[in-house]
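This report refers to the structure that appears directly beneath it.
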Amino acid sequence: MRKDKLQVSISEVTKEKVVRKISYKRKRALEGGLYILPWIFGFIVFFLYPLGRTIYNSFNKVTYNAKAGGYQYTMIWFKNYKRILTEEPDLAIAFQDFFVQILTYVPVIIALSIIIALLLNNKMKGRAIYRLIFFLPIIILNGQLLENLNTYGGMSLEVGGFVITVIEKISPEFLVDTVTLLFNTILQVLWYCGVPILIFLATIQKIDKSLFEAASIDGASSWNIFWKITLPTIYPLVSVVIVYLVVFMANIDSTADNSINNIINLSRYNPARYEGYASAQAVLFALLQVVLIAVLYFLTHGKKRGGNK
């Protein structure tokens, strides 16, 4: 009898512990759910609902009729997409330009950002000033300011005319336009480098200095240290930078740098297009960004650190 009572008491204690453990897990899960509840609300209201509404509009002919009480929807299925892809080439041409721009700019921006991050990591006089100059785009980066810079020539050498005059005097006439375009492109690339430099610099500063000291003692050159220690450490963040650059360059409010957003905005107020057509353009543009990010991500992420498979 004592043995049976002892077993019963042990089983009761075990059940009580299990119940306490389950209730503790539920409590922790509830706390975690409360913490992420604002994010879930924001995701549904500010992302999921607008996305679903845009996709729905893209399959409709959307017109506004004040007498009928607002917007009217007529389901036309894929006619907006067919019209964009086969009948009106303005968006397709802009897509091609954007695709080429991404494939040419992103590798240059990443390489230049790594080089500048390595330079800014070295101990030198005026390092704080140099960092401020390169991080200036991060400090003042907002849509309206960047749009005004492009509108009034802040991102171009043509402002003022002094630089253009110098180029015309030192360069042959047939090379003036090419040199000007090259320098304007460099200015834009440097502007886009701000955030990537910050990401790479923060990663480089976290590398254990003893690794560099051990490599130097073993006779490794600076070039070998870069390829064997620095690059393998920062390489996983290349994918993060790619996602940032594609999204940032795709959503920049500048007709000079990205005409796609301008085309979509104008389509909303064009009597021959309106909201449904513009929504289909926006959906296609979002798909293009996803494809670009996926291609560039797998091209860089498919290799192990240091570039070895």
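Taken together, the values in this text are just the output of simple stated rules run on the coordinates, not laboratory data. Quick caveat: nothing in here was measured; it's all calculated off a predicted structure. Methodologically, a virtual Cβ is constructed for each residue, glycine included, from the backbone with ideal geometry; neighbour enumeration extends over all protein chains shown.
Observations on the model:
- Measure of compaction for the stretch 34-89 (Cα Rg per 2.2 N^0.38 Å): 1.58
- Taking amide H positions as modeled 1.01 Å from N, with prolines and chain starts lacking one, the residues under 5 Å from Tyr71 and 5 or more places away or on another chain are Asn65.
- Shape call, the stretch 57-111: gyration tensor on alpha carbons, a/c limit 1.5: prolate
- At R0 = 41 Å, FRET efficiency that the Cβ-Cβ distance of Tyr269 and Val108 yields, to 0.05: 0.70
- What the phi angles of the stretch 283-299 give under the Karplus curve with 6.51, -1.76 and 1.60, with θ = phi - 60°, is a coupling list of 5, 5, 5, 5, 5, 4, 4, 4, 5, 4, 5, 5, 5, 5, 5, 6, 5 Hz, glycine and proline written as x.
- Added length on full extension, which subtracts the Cα-Cα distance from 0.36 nm per residue, Phe298 to Ala202: 32.2 nm
- Cα centroids of the stretch 48-85 and the stretch 217-267: 35 Å apart.
- Förster-model FRET efficiency, 25 Å R0, Leu231 and Leu34, C-beta, rounded to 0.05: 0.05
- Efficiency of FRET from Cβ geometry, Ser216 and Val189, R₀ 22 Å, rounded to 0.05: 0.10
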